[in-house]
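Let me begin by presenting the structure, written as C-alpha cells, before commenting on it.
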Protein chains: 2
Amino acid sequence: MKKRIVWSLLLLLLMTPVTAQNKKSFTLDDLMWGGSNYWNLQPKSYSAAFWGDKLVKLSVDDAALAFNEKGKDAGMKRLFTVEDVNAALDTARVGKVYNILYASFPYADRTEVLLSTSKQRFLYDWATRKVVWQQPVTAGTQHSEFCAASKSEAYVKDWNLFVRTADGKAHQVSKDGTRQLQYGMSVHRNEFGIEKGTFFSPSGKLLAFYRMDQSMVTDFPLIDISPRVAQLAPEAYPMAGMTSHKVQVGIYNPETETTVYLQTGDPTDRYFTNIAWSPDEKTVYVIELPRTQDKAELVAYDAATGRRGAVLYTETNPKYVEPMHPIVFLPWDADKFIYQTRRDGYNHLYLMSVSGGEPKQLTKGEFEVLQFLGFHAASKSVIIKSNEASPIRHNLYAVNLKTLKRTLLDNGRGTHRATLSAGGAWLLDRWSAPDTFRQTELVSTGGAKPVVLQTDGTPWKDYEVPEISGGTLKAADGKTDLYYRLVKPVGFDPAKKYPAVVYVYGGPHAHNVDESWNYLMRPWEAYMAQKGYVVFVVDNRGSENRGFEFESVTFRHLGEVEMEDQMKGVEFLTSLPYVDKDRLGVHGWSFGGFMTTNLMCSHPDVFKVGVAGGPVIDWKYYEVMYGERYMDTPQENPEGYERCSLLNKAKNLKGRLQIIVGLNDGTCVLQHSLAFLRACEDAGTQPDYFVYPGQEHNMMGSDMVHLHERITRYFEDYLK
Amino acid sequence: MKKRIVWSLLLLLLMTPVTAQNKKSFTLDDLMWGGSNYWNLQPKSYSAAFWGDKLVKLSVDDAALAFNEKGKDAGMKRLFTVEDVNAALDTARVGKVYNILYASFPYADRTEVLLSTSKQRFLYDWATRKVVWQQPVTAGTQHSEFCAASKSEAYVKDWNLFVRTADGKAHQVSKDGTRQLQYGMSVHRNEFGIEKGTFFSPSGKLLAFYRMDQSMVTDFPLIDISPRVAQLAPEAYPMAGMTSHKVQVGIYNPETETTVYLQTGDPTDRYFTNIAWSPDEKTVYVIELPRTQDKAELVAYDAATGRRGAVLYTETNPKYVEPMHPIVFLPWDADKFIYQTRRDGYNHLYLMSVSGGEPKQLTKGEFEVLQFLGFHAASKSVIIKSNEASPIRHNLYAVNLKTLKRTLLDNGRGTHRATLSAGGAWLLDRWSAPDTFRQTELVSTGGAKPVVLQTDGTPWKDYEVPEISGGTLKAADGKTDLYYRLVKPVGFDPAKKYPAVVYVYGGPHAHNVDESWNYLMRPWEAYMAQKGYVVFVVDNRGSENRGFEFESVTFRHLGEVEMEDQMKGVEFLTSLPYVDKDRLGVHGWSFGGFMTTNLMCSHPDVFKVGVAGGPVIDWKYYEVMYGERYMDTPQENPEGYERCSLLNKAKNLKGRLQIIVGLNDGTCVLQHSLAFLRACEDAGTQPDYFVYPGQEHNMMGSDMVHLHERITRYFEDYLK
C-alpha cells in the first residue's frame, strides 16, 4: 500500500571532502534565517536580469552581457561598472549606488539600466555613460510601485495616495486618508491573491487603486511596548460574521488630476479582486464576489467613466470560489485573455474573449497549474508551471494555444522557480531536487537545450546531515495519497528507539513536502535530528496543490479531516520500529499552531509534548475573508464553529503544550491564545505560554534563533 | 532528570482512612484561599459585635447578648432572630436578610441594629420589633460609605459623587466625572494610607471628598479579553518622573447642596493625604507633601470657606517622610490630637495641640506602634498595638496619657488583631501564636482578666504538617537581626539532602515572618514541604515594622541591600547539612517578583529555578508615588535606576525563571514583564512566561489553585 521513495544522501556525503568523523554539528545560528552564521554558509546565487531576451549577469561591481537573444554565449562582455554609474551621478546630492545586483533593464531596445540610490531613482545609459532620467525616491512610504513604461511612481504616505509623474511632479490623489480610510493599500486582508493597492495601466498613464473604508470595523487593541509607556497600536480587524470593511476601486489620471470611481454599487459585504487593464486602457476588469464567496463574476468597467459594463464570466460553487489571478490578455490578440479557475476541480487556464463565446480550456487534467509565467509570442504559447508529473514536482511547460500541446521545458526533476524574459524566449530557471541544493539554468521556451549557468553545492557540506526521505501514505479516506517527509536522527541506529516530532501546517495555500532540496525540509528539522529526534511531516487533505476536492473537504469543519489524516501519519510513524510511540511530539505555527493545539487536546494520549505558534483557537476570532470562506459565518454554521473551537477542548489537555505568539500579531490576534489560556485556567489544565514583543504573525530576524532554541528546549525538557 | 509522580498511588494514599500514623496529604484545594476545600477545613471564627461596651454574639440565625458593659456574662440572652427581622421587613419589596453575621450596633443607647438586604439598608429596633428607618442600597456603585451618625450614604457612580441623606434623597455632588476626572474615589494610587475618597464629618452632616484630575496622565493600554473582540481598558498610570495627576479636596454640604474646595493653591506635583475633621466640624486637616516627599505639613483648612489656615506641624527628612495616619482628637479635649510619625526613627504617637506648643511624645523606644485602636476615656488612655516585646510579636497596650505608662493588655504572646468597643472598655481580641491557630478573647482595657471566648483548633489536624521553626540571623551589615522561618520537608530525614526554595517579598510595608500561627507560614509552603522541599523565608532590611533606618537603607537603590540580606539567608540555609545547595529555588510576587528575578540574574550560579509573579523589572515603569519615594525620579537618580534595572541583567539569566502576571495588572503594568522578555530575547537568554487574563496584580479566586499548581510544577520540573 505504502509507496516509498527513498533518496539517500549517501552519495552526496561521499562526494564531499570532509569525512563523517570530523563533521561539524549545527548550531541554530548556522541553520536559521536570521542566525549569525546563516549567510556565511549560503552559496551565492547566480544574479542576472533579462534585457529583452538577452541575459545580463549582475555582480556587486558590474553588469556583463552573458547571453544574446538567441541564447548564444556573449562572452561576458562588460556593459558598465558601479564606478561608471557613480561617475555619472551627482553623488554629493543623491548618494552612491553601492552595488548593481538589483539592476533592471526595462527597455529591450535601449541601453538603459534602472537603478537607484537611497535618494534617487534613475536611468543610466551605458552607451552614452550618462544619466538620462531621474526622479527622487520618496522617503517614508507605506507602499511604492514604479512603472517603467511611464516612469511614474505610485506611493502611499500617511494612508494617502500620490503619483509622481516622470517630470518629477507629485500629484496627490487623496487627502482624507487615515488608518481607517486607506488609499492605494492592499485590501481584503491580502486574500484573493491581493498583495497591493495600485495598478498602472499598460502605458502607465492611468492608475487604478483601492480605497478601503474600515471605519465601521471593530479595532483589535494591539499594544506596542517599544516606547517607555506602551502605546495602543490598534488593528481594524473584522471577525467572522461581524461588520466588514468597504472597498472601492478608483482610476486616477495624473494628466487631468481627476479620479473616477468604478460604479460598482453598494460595496457592503462585497469583494473586488484581481484588477486588470485591457491593452487599450479603456476597460478595467474586476473579479467580484459577494461576502458568501460562492460566486465570482468577471466584470468590465469603463475606465473613463467608471460605468459598469458586461459580466464576461460567472462561476458559482456551493462551497466557495476563490479567484486568485487577474486576467491576462494575449499580446497578439486584444480580444482574448486568459482566466484561471478550478471550475473542473483543478486550477487550469481558459481562453476567453471580450466579445463573448464559450471559454476554451487550455490545460486539463488531475494536476494544478501553479503559475502562469507569460507568453512566448513567437510560438503562440503560454509558459506555465504545473505539477503534472507528480503532485510534489513543479516543472515548466509551454502550452501551444493552437494544439494545446504541453511541452516540458526544464529537466523534469524537482521544483523550479523561473522568470521569463521580456520576449518570452528564455527562462532564468533556478531549480532544486531532494539531492540537489540549487542549480541555475538558462532554459529555452523554443526547444533549445538548457544551459547550466551555475551549480551551487550544499551549504552544509561540513556538517553532519541526517538521512531525509520522502514517500506517500493513504489519507483517512483510504484512497488519497498523502506525501510525507521523514528525517532520521543523525547517527541513526535502527536498533534504538527514538522520540519523534511531527511538524504540521495543514491549512490551505501551503504545503510542506515537495521535491525541493531535502524534500523541502525546514532547517530546524536537521537540528532536531542532530539532537536525536525523528521528524515527520505529512501534507494532509486541506493543503494546497492537490485540487479543489482535496482542499475543500474541510469546508465548515476546519481541523477535523486534517487531524484524521495527521493521525494516519502517526499510524505510519509509530509503525517504524525505531520510533518510540510513547515519546511523540508535535509542532506547528499559525494553522499549524491550531493543528498542534488541536492534536494535543484531541489526542492527549498520543502526543506528550507540543509547541503551537500563533495558533487559531476559535475561528470566530479569525477574520472575515479567510474565515468565512472555509467556515461560513458563525451565524450560518454555529455547530461547525462550536465543534472546531479549541476553547471547548482546553479541558482535555494532558501533555505539555507551549503556545508562542508575537505580541503584535495582527493576523491571528492575541484573543486566540489568551482566551485559550483563560479556558485552561478555568478547566484546571496547564499549558505554557511565551510572547515575543514586537513580533507579528510570522517571526522575523534573530528572534528566529531564540524561538527555535526555545522550541527545541521544550522537547528536550519533556520528550527526551 | 524529572521524577514523575505515580498518581494512582497518591490517590490510594488519599483514600486511606486517617490514623495517627497515616495522616492525609494536602491538595492545593485544601490549602489555598480559593480552593474548593479550603473553607470546609477552616474553623468558624467567633462572630460578635460591640453594642456600646456590651458584646453581642452573632450567628447566622440570631444575635444574643454575651457580655454586659462590665464584662459580666450576660447569659447569651437572645436579642432577636433573623425571622424577627424579616417579619418586620417588606420582604416582597426589599428582599430578605439571610444572616445576621454582619450586623452592627451603631447606637450604644438604643436597641437598634443596622442591617441590610440586597436592596435596603435599615435599622431594626428589637425592643419594638419594628424597622425604625430605611433607605435603598444604591446598586452598581464604585464606592459606598455609610455614616451611622447622620444615616447618610456617600457613593460614587460613573465617577460622580452622590450623597443620599437620611430622608432618602440622593444629592448629586459632581456631574463632570469621568475615568479621567474622578470624584469621591481613592487618590494617589492608595499610597500614604489612603484607601477611600469620602470622609464624613463626625456628625455626618458634611462630607469631605477627593477630586482627582488625571486627564494629563499617560494611559497604559491594558486590554480586557472577556468580550469576543478584546477591548481597551486603559489605566491612567503616571510613571516615575512623568506627569502626575492633580488632587483637590472638596467639602460638600447636603443641606445647602453646595461644595467648597480647600484653597490649597496649585495642586500640581503635590500630595493631599490623611484627611481628618475637627470635633466641631469647623476645620479639616490635611497632611500635605510636595512631590519630592521630603516634607510633610499638617495644614488646617476652614471647612466652611476652604480658606487655608495654620500649618500645625512640619516634618522634613532628606530621604522621605511618609504620613500614614490621619490625626485623631482626644474625645475629652477638642484642642488636642494624636499624630503618628517616625521622626525619631520609629513610628510613635505624639500629643499635639491646635493651639500650639511642643508635641509631647507619648510612646518611645526602639519599637513601632503598629496600630492606634482608640481611647479608653475612663482611664485617659490610648489603646495601641506595638511590637515592643519583640519585632515579630504584636501585642495590645494601654498608654496612660498622663503617666505615659504602657500596660500590656493581652496575654503577651503571638500576634493580636483586635477591635475596641465604642466606650473603649473592651477589646474583642483574636490572636494566634506559632503553636496556636486562633483564640478569641474579651480583653479589658481597664485591668480585668481576659475571658476566653473561643479556641479554634488547627484546620489541618488530619493532615501531615511539616516542622516549622523561626529564628534570627545577622543581616549583611553584620549587626542587624533578621527574622526567618524554616519549613522542613514532611517526613524529614536529617541524613538526606533536600532541595530548598526561598520565598521572598523584601519590599516596604510588608513582612513575612512573625509570631503568628506557624510563624505566618503561607499554606503553599506546607504543600512544598509535602513535596519534599525545605522552604526558607527571611525578612530583609527594607521590610516593615523595624523602623526608618532598617526600611530606608534601600533608598535610591532598591533591591541591592535587600539581596545582600537574602544572600545571608542563603548562607545560613546552605549551612544546614540537609539542604542541597545545588538545588536552590526562589519565588516571590510583586516586589518579591522583582527580588526573585534579581536574585536569578544577579546570582545565576546560586539559584537554579525561580518563579517571579507580577515583577517590577525597572523602577522607571513604576508609578510616581511609591517609586519616587524610594528611588527619587529617573532624572534625579539616573545611576540608581540604571543599576537597579533588571533589563540590564536579563543577559545574566542562566537558570529557569518563570514570570507570571495578571493580564489586567494596573499596579505593575505589563511593560515590566514584556520589556524583560524583549531584553532576554535580545540577549539570547530564555525565561518562561505565563499570563492570567482577567487577573490584576494580586491573584484572586480559584486561579490561586491553578497558579500554585503551576508554581509547584515548575520547581518539580527543574529543581527536583
Practice item. Would you be able to tell me the number of residues in region B:305-333 that are closer than 23 Å to B:Tyr630 by Cα, out of contact with any Lys or Arg (no Cβ under 6 Å at 6 or more places or on another chain), touching a residue at least 24 places away in the same chain (Cβ under 8 Å) and in a strand (DSSP E or B)? Key: 0
Practice item. Kindly indicate whether B:Thr273 is in contact with a His (Cβ under 8 Å, 6 or more places away or on another chain) and either farther than 22 Å from B:Ser150 by Cα or assigned to a strand (DSSP E or B) (or both). Key: yes
Check your understanding: Within region A:581-591, is there a residue that is touching an Asp or Glu at 6+ places or on another chain (Cβ under 9 Å) and in contact (Cβ under 8 Å) with a residue 60 or more places away in the chain?
Key -> yes
Exercise for review: Please note which helices (runs of 4 or more DSSP H) are completely contained in region A:616-709 and include at least 1 residues that are out of contact with any His (no Cβ under 7 Å at 6 or more places or on another chain) and under 29 Å from B:Thr685 (Cα atoms).
Suggested key: A:671-683
Exercise for review: Restrict the check to region B:669-679 and report whether at least one residue is within 13 Å of chain A (Cβ to nearest Cβ), among the β-branched types (Val, Ile, Thr) and under 27 Å from B:Pro238 (Cβ atoms).
Suggested key: yes
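Somewhere in region B:334-344, is a residue at pLDDT 95 or above, assigned to a loop (DSSP other than H, G, I, E, B) and in contact with an Asp or Glu (Cβ under 9 Å, 6 or more places away or on another chain)?
Of all residues in region B:334-344, those at pLDDT 95 or above come to B:334-344.
Right, trim to assigned to a loop (DSSP other than H, G, I, E, B) and you get B:342-344.
Filter once more, keeping what is in contact with an Asp or Glu (Cβ under 9 Å, 6 or more places away or on another chain): B:342-343.
There is at least one residue in region B:334-344 that is at pLDDT 95 or above, assigned to a loop (DSSP other than H, G, I, E, B) and in contact with an Asp or Glu (Cβ under 9 Å, 6 or more places away or on another chain).
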Check your understanding: Does A:Lys364 fit the bill of being within 25 Å of A:Glu551 (Cβ to Cβ) and out of contact with any Gly (no Cβ under 7 Å at 6 or more places or on another chain)?
Key -> yes
Review point. Hey, any hits in region A:297-318 for a residue that's crowded, with 21+ Cβ neighbours inside 10 Å, among the small types (Gly, Ala, Ser) and more than 29 Å from A:Thr403 (Cα to Cα)?
Key: yes
Study note, to complete from the structure: Taking region B:515-535 and keeping residues within 23 Å of the chain's Cα centre (by Cα) and of a type in the set (Phe, Trp, Tyr) leaves B:Trp517, B:Tyr519, B:Trp524
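I need the full set of residues from region B:149-173 which are at negative phi and out of contact with any Ser or Thr (no Cβ under 8 Å at 6 or more places or on another chain), in order please.
Residues satisfying the conditions are B:Asp167, B:Lys169, B:Gln172.
Per-residue answers, yes or no, for (1) in the same structural domain as B:Val487 (by TED's automatic domain parsing); (2) part of a loop (DSSP other than H, G, I, E, B); (3) out of contact with any Pro (no Cβ under 7 Å at 6 or more places or on another chain); (4) within 19 Å of B:Ser47 (Cα to Cα):
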| site | (1), (2), (3), (4) |
| --- | --- |
| B:Asn395 | no, no, yes, no |
| B:Leu404 | no, yes, yes, no |
| B:Gly412 | no, yes, yes, no |
| B:His416 | no, no, yes, yes |
| B:Thr419 | no, no, yes, yes |
| B:Gly423 | no, yes, yes, no |
| B:Trp431 | no, no, yes, yes |
| B:Thr440 | no, no, yes, yes |
Point to revise | Residue selected from region A:689-703 under the condition more than 7 Å from chain B (Cβ to nearest Cβ) and surrounded by 20 or more Cβ atoms within 10 Å (Cβ to Cβ), by the criterion nearest to A:Phe220 (Cα to Cα) | key: A:Gln695
Exercise for review: Identify, by number, the condition in (1) more than 23 Å from B:His509 (Cα to Cα); (2) within 14 Å of another protein chain (Cβ to nearest Cβ); (3) crowded, with 19+ Cβ neighbours inside 10 Å that B:Pro634 doesn't meet.
Suggested key: (1)
**Study point:** Residue among A:Gly168, A:Gly95 that is touching a residue at least 12 places away in the same chain (Cβ under 8 Å), of a type outside the set (Asp, Glu) and closer than 30 Å to A:Val187 by Cβ
**Key:** A:Gly168
Check your understanding: Where residues in region A:207-222 are at the interface with chain B (Cβ under 10 Å from one of its Cβ atoms) and surrounded by fewer than 20 Cβ atoms within 10 Å (Cβ to Cβ), which of them is nearest to A:Gly666 (Cα to Cα)?
Key -> A:Asp219
Review point. In region A:425-484, which residue that is touching a residue at least 40 places away in the same chain (Cβ under 8 Å) and aromatic (Phe, Trp, Tyr) is nearest to A:Ser390 (Cα to Cα)?
Key: A:Tyr483
Study note, to complete from the structure: Here, strands (runs of 3 or more DSSP E) confined to region B:177-222 with at least 1 residues that are small (Gly, Ala, Ser) are B:207-213
Revision key, fill the gap. If we keep only residues of region A:223-247 that are touching a residue at least 12 places away in the same chain (Cβ under 8 Å), part of a strand (DSSP E or B) and facing another protein chain (nearest Cβ under 8 Å), then the residue nearest to B:Arg678 (Cα to Cα) is A:Ile223
Study note, to complete from the structure: Of those in region B:647-668 that are of a type in the set (S, T, N, Q) and in contact with a helix residue (DSSP H, G or I) (Cβ under 6 Å, 6 or more places away or on another chain), the residue nearest to the other protein chains (Cβ to nearest Cβ) is B:Gln658
**Study point:** All positions within region A:707-716 that are facing chain B (nearest Cβ under 9 Å) and either crowded, with 23+ Cβ neighbours inside 10 Å or in contact (Cβ under 8 Å) with a residue 12 or more places away in the chain (or both)
**Key:** A:Leu707, A:Glu709, A:Arg710
Practice item. Tell me which residues, restricted to region B:148-178, are within 25 Å of the chain's Cα centre (by Cα) and farther than 22 Å from B:Arg121 by Cα. Key: B:Trp159
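The values are calculated or read from the model by the stated rules, or taken from the named source; none is laboratory data. Note that the structure is predicted; figures quoted are calculated from it, not measured. Because the Cβ atoms are built from the backbone with ideal geometry, glycine has one as well, and the counts that use them run over all protein chains shown.
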